[in-house]
1. Within segment 137-163, how many residues are over 17 Å from residue 207 (Cα atoms) and buried (at least 16 other Cβ atoms within 10 Å of the Cβ)?
2. Out of all the residues in segment 258-285, which are surrounded by 15 or more Cβ atoms within 10 Å (Cβ to Cβ) and either in a helix (DSSP H, G or I) or outside the structural domain of residue 435 (by TED's automatic domain parsing) (or both)?
3. Within segment 179-189, can one find any residue that is touching a residue at least 24 places away in the same chain (Cβ under 8 Å) and under 23 Å from the mean Cα position of the chain (by Cα)?
4. For residues that are surrounded by 15 or more Cβ atoms within 10 Å (Cβ to Cβ) and out of contact with any helix residue (DSSP H, G or I) (no Cβ under 6 Å at 6 or more places or on another chain), scanning just segment 336-348, find the one that is farthest from residue 363 (Cα to Cα).
5. Across segment 221-235, which residue is nearest to residue 171 (Cα to Cα) among those that are in contact (Cβ under 8 Å) with a residue 60 or more places away in the chain and not in a helix (DSSP H, G or I)?
6. Would you confirm whether or not segment 294-304 contains a residue that is surrounded by 15 or more Cβ atoms within 10 Å (Cβ to Cβ), free of Cβ contacts under 8 Å to residues at least 24 places away in the same chain and out of contact with any strand residue (DSSP E or B) (no Cβ under 7 Å at 6 or more places or on another chain)?
7. Does any residue of segment 344-364 turn out to be in contact with a strand residue (DSSP E or B) (Cβ under 8 Å, 6 or more places away or on another chain), outside any helix (DSSP H, G or I) and on the phi > 0 side of the Ramachandran plot?
């Protein structure tokens, strides 16, 4: 490298700096002065680039009219920049640009930072409380399940508590019991707080209530509000002629046709429709997927209407039967053929029928017995809502609705399905929870992969909608043995 090369480079840079940069700054100064008012620019030291960078925070204002000179603060510069930005966005006439400009101002960002820190602090405190509570629940749940696995039984309170801690679907009857147990638990906790010595706490003992203890505090509103069942075959014979006309108006207003169409899309193979009524579902049947179709209803007049509708809509479909009978006698009716072997079905459908049957649990058990391997029961029913306010209205008008249509519209459909020992693969609720759309299967059948939605396929461990987390590994869902074993008191177990 030649001698003096570095000196020459530095001199060249200095010439460029003074030739182009300094005149440019003064040129801007002159233009702003001509435009009038104050002139603001960075006070720069041109001796070196580092000095120029350090002095950028300083600003000098010249007021040529008053002949004053003062240094402006960074806050004043920020306020002026914000004002220009907001004014420009306001003149554009766009609210989005205006609020975007406000959100990008220095003043807004300073306040937002404080809020961000405060919200983050609240989030940390809430997170600590939440995970502490979650850990406490998991510890309680693990203790109960360890007791079940070790001793072979748990009490009714412990069984319901495990289901509550696991997030299981708890139906109306069990929810009433659970609420009663929680009332007893609150009373127990108050007594425990008053205990000042260890002897008093030991004398009080652990919270271990028996089913008899809740009889005085349980609210059996469901049992009081549900009307007694009755034979309605004669009732529907009388209203068969005007049934479609009156029901059609209500279903049209509620868009019930889409729900019935959903039911019939699930039908395939040999299909049985229980409580078929006047055949309001048959027009949505897909004959390409259905091998045979059987109608069952206790009303002769209703069955005549169903026959007329089906023959008019599907005149070339020959594998169809029209049977007058009750769902409670379904197994007996189906076994009337050769060798008393009941004919089984791939799909069993029932729409708004459980509410009209004398024993809906037995009806579902009969349907389960007539399902083929891998078969499904499709239900479209009205029942109790998921809102207490709506349930009060249903209970209040239960008698009036029964007098008009014959059905009991405030039944807990999920509870009936559970009592029948069926597993729910899909459960949807509509119209404030009063409309139930349920797909059921036998406990021994597996769930098809196509039946799972995206979340169930990749995130959910529990594949059943009415899963009971309190059952042990050797207890079958819906079996009497499982329920009696899990709720067996200590003294009976030891005896």
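The values are calculated or read from the model by the stated rules, or taken from the named source; none is laboratory data. Computed from a predicted model, the values in this text were never measured in an experiment. Reconstructed Cβ throughout: ideal geometry from the backbone, glycine too, with neighbour counts over all protein chains shown.
1. Final tally of qualifying residues: 1.
2. 259, 260, 263, 264, 282, 283, 284
3. Yes, there is a match, as at least one residue in segment 179-189 is touching a residue at least 24 places away in the same chain (Cβ under 8 Å) and under 23 Å from the mean Cα position of the chain (by Cα).
4. Going residue by residue through segment 336-348, those that are surrounded by 15 or more Cβ atoms within 10 Å (Cβ to Cβ) are 342-348.
Narrowing further to those that are out of contact with any helix residue (DSSP H, G or I) (no Cβ under 6 Å at 6 or more places or on another chain): 344-347.
Working: 344: 15, 345: 15, 346: 17, 347: 15 Å.
Among them, the one singled out is 346.
5. That would be 226.
6. Scanning segment 294-304 turns up no residue that is surrounded by 15 or more Cβ atoms within 10 Å (Cβ to Cβ), free of Cβ contacts under 8 Å to residues at least 24 places away in the same chain and out of contact with any strand residue (DSSP E or B) (no Cβ under 7 Å at 6 or more places or on another chain).
7. The initial filter retains those residues of segment 344-364 that are in contact with a strand residue (DSSP E or B) (Cβ under 8 Å, 6 or more places away or on another chain), namely 344-355, 363-364.
Filter again for outside any helix (DSSP H, G or I), leaving 344-353.
Now restrict to residues that are on the phi > 0 side of the Ramachandran plot: 352.
Checked segment 344-364: at least one residue is in contact with a strand residue (DSSP E or B) (Cβ under 8 Å, 6 or more places away or on another chain), outside any helix (DSSP H, G or I) and on the phi > 0 side of the Ramachandran plot.
Conditions tested, residue by residue: (1) outside any helix (DSSP H, G or I); (2) over 30 Å from residue 384 (Cβ atoms); (3) in contact (Cβ under 8 Å) with a residue 24 or more places away in the chain.
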site: 100; (1), (2), (3): no, yes, no
site: 124; (1), (2), (3): no, yes, no
site: 139; (1), (2), (3): no, yes, no
site: 175; (1), (2), (3): no, no, no
site: 196; (1), (2), (3): yes, yes, no
